[in-house]
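Just so it is clear, none of the values below were taken in a lab; they were calculated from the coordinates. Remember, it's a predicted structure, so these values are computed and weren't measured experimentally. Note that each Cβ is placed from the backbone with ideal geometry, even for glycine, and that neighbours are counted across all protein chains shown.
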Amino acid sequence: MPQLLPPRASFRRRAALSTAVAAAFLTTACGASVEPDSKTATAEKTTVKRCGESVAYTKPKRAVAYEGGSADKLFSLGLTDRVLGYVMPPANPPVEESPWAKEYAKVKKLSDDLLNKEIVVDAKADFVVAGWNSGFSDQRGITPAILDKLGVQSFMHTESCFNYPKHPQTLTPFNALYSDLDRLGRIFGVEERAKDVVGDLKQRVRAVEAKAPKGERVPVFLYDSGTDQPFTAGAQVPPTDIIKSAGGRNVFADVDQRWTQVNWEAVATSRPEVVIVLDYGDQPAKKKIDFLKSSPHTRDLPAVKKDNFFVLDYNEGISGPRNIDGLEKFGTYLRDLKG
């Protein structure tokens, strides 16, 4: 599942003042300070939040993205020429299926495994984008603190900051996405592009919400993985906002977690009318649907008996611009759903 522990169920501000003297004393209206780089008189730093921590960034030139959500955010901001490469574990669907397939083709695939320090160091990267416990990991020895000591800048998906023990931060999933694009835009000096991208995403969300079915919200269960106990989406991950904006109700939206384990009894009690199945590259949706239709825990659920399954692509479920693609598709599905 999108990679937490237990199994994983998955960014920052304005700068540009013309002189080093001005940079030392001024702060922009958006709260970003600019100060001279210690190594050169002309380099500038932009202070942006990394989760709840203020970090001074220099403009990256050799960024590494972990998973589709990270790469998508950078590509959507027009930053392909600043992306050295990407690390794409087996769960991710093929990059050729991405809306940014042409951008992926222009950069290096550094690994098809989990992110680690050696990949970053060997690539001489100066910036890494990933999530906490989704790329960055104490257990695997690659954390923002470790990279800081190596002189490599890092940025965490705000959605994953909920679990970050050092400087936690909590935003609703869509607001976390918008925040990431804004913060990345400031770090890379493409604030206007970020503003346009976020504005477009928000407009698309409002359009779906305006057409959402009226009346009582349809109960929806997201099935990520697991047979003995299911993994699902709690309140702090994008599918909860996808379901809500489309007009449904995540039956586990009151669980204040990211990707999390529940039990089948709770699923049965929730009586979902729709099941969203998260489609991995290495765990195809059809196999999961077959399990739900045959398992005594789930075969009598209203959604299963009515064959009300909606397949959500992995990269539409983890934090990234494709969340809104998933929302639009699920919004159409709910509007067309027969009782």
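For this structure, a couple of remarks:
- Residue list for the range 45-78, given a label point 7 angstrom along the Cα-to-Cβ vector of residue 195 and an amide N cut-off under 20 Å: 46-49, 74, 76-78
- Computed label-point distance, nm, for sites residue 97 and residue 209 using a 7 Å Cα→Cβ extension: 2.9
- Largest first, the extents of the alpha carbon coordinates of the chain on the three principal axes equal 69, 41, 36 Å.
- Prolate/oblate/rounded call for the range 60-190, Cα gyration tensor, a/c under 1.5 rounded: rounded
- When both the range 149-194 and the range 249-275 are represented by their alpha-carbon centers, they are found 28 Å apart.
- In order through the range 263-272: 3J(HN,Hα) via Karplus (6.51 cos²θ - 1.76 cosθ + 1.60), integer Hz, x for Gly, Pro: 10, 5, 4, 5, 5, 4, 5, 6, 6, x
- Rg and Dmax of the range 210-336, Cα atoms only, in Å: 13.2, 39
- Listed by chain and number, the aspartates and glutamates whose alpha-carbon sits under 17 Å from that of residue 287, ignoring those within fewer than 8 places in the same chain, are 224, 228, 279, 307, 313.
- Put in line by how crowded their Cβ is, counting other Cβ atoms within 10 Å and starting with the fewest, 167, 157 read 167, 157.
- Relative contact order for the range 54-192, counting Cα pairs under 8 Å that sit 6 or more residues apart, in percent: 24
- Karplus-based coupling profile of the range 315-332, in residue order and whole Hz: 6, 8, x, 8, 4, x, x, 6, 3, 6, 4, x, 4, 4, 5, 5, x, 5, with θ = phi - 60° in 6.51 cos²θ - 1.76 cosθ + 1.60 and x standing for Gly or Pro.
- Ranked list, fewest to most other Cβ atoms within 10 Å of each Cβ, for 138, 336: 336, 138
- Cross-link table 73/109; 59/124; 45/102; 61/102, entries beyond 27 Å C-alpha to C-alpha: 45/102
- For the range 54-64, putting each phi into the Karplus relation 6.51 cos²θ - 1.76 cosθ + 1.60 with θ = phi - 60° gives couplings of 7, 10, 8, 10, 8, 5, x, 10, 9, 7, 10 Hz, in residue order, rounded to whole numbers and with x for Gly and Pro.
- For the pair residue 229 and residue 148, the difference between a 0.36 nm per residue extended length and the Cα-Cα distance amounts to 25.4 nm.
- Amide N of the range 203-240 lying under 19 Å from the label point, which is placed 7 angstrom from the Cα of residue 290 along Cα→Cβ: 223-228
- Bridge orientation summary for the range 54-192: considering DSSP beta bridges with both residues in this region, about 10 percent are antiparallel.
- When the range 275-324 is reduced to its Cα atoms, the Kirkwood hydrodynamic radius in Å: 11.6
- Each residue in 58, 232, 298 was given a count of other beta-carbon atoms within 10 angstrom of its own, and listing them fewest first yields 58, 298, 232.
- For residue 255, the residues 5 or more places off, or on other chains, whose built amide H falls under 5 Å of its own are 235.
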